[in-house]
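Below is one structure, written out as structure tokens; the observations come after it.
Laboratory data are not the source of any read-out in this text; all were calculated from the coordinates shown. Remember, it's a predicted structure, so these values are computed and weren't measured experimentally. Note that each Cβ is placed from the backbone with ideal geometry, even for glycine, and that neighbours are counted across all protein chains shown.
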């Protein structure tokens, strides 16, 4: 019965995560809070930097990074946790 309840990743999700792993990127991605616009993998390795020449305000670079990592993580099957204000 427990086997019936187990969630199995969709094949496309598995292939996507495998492709990222093959590139040395372990998911999920996150934003490095000490460097605005820097996206890191689950091991803390830098994956990319948004606005590397600091042409945008830090808050914009951070927002762009957050949107990009959200898109990658959701595509890989990592659903974001709901946060409640208050």
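Here are the numbers for the structure shown:
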| read-out | value |
| --- | --- |
| Sorted by Cβ density within 10 Å, fewest first, the residues 54, 14 | 54, 14 |
| Semi-axes of the equivalent ellipsoid for region 29-78, Cα gyration tensor, largest first, Å | 19, 12, 8 |
| Sorted peptide list for 23-34, 60-71, criterion being average Cβ within 10 angstrom, highest first | 60-71, 23-34 |
| FRET efficiency for residue 19 and residue 66, using Cβ-Cβ distance with R0 set to 22 Å, rounded to 0.05 | 0.45 |
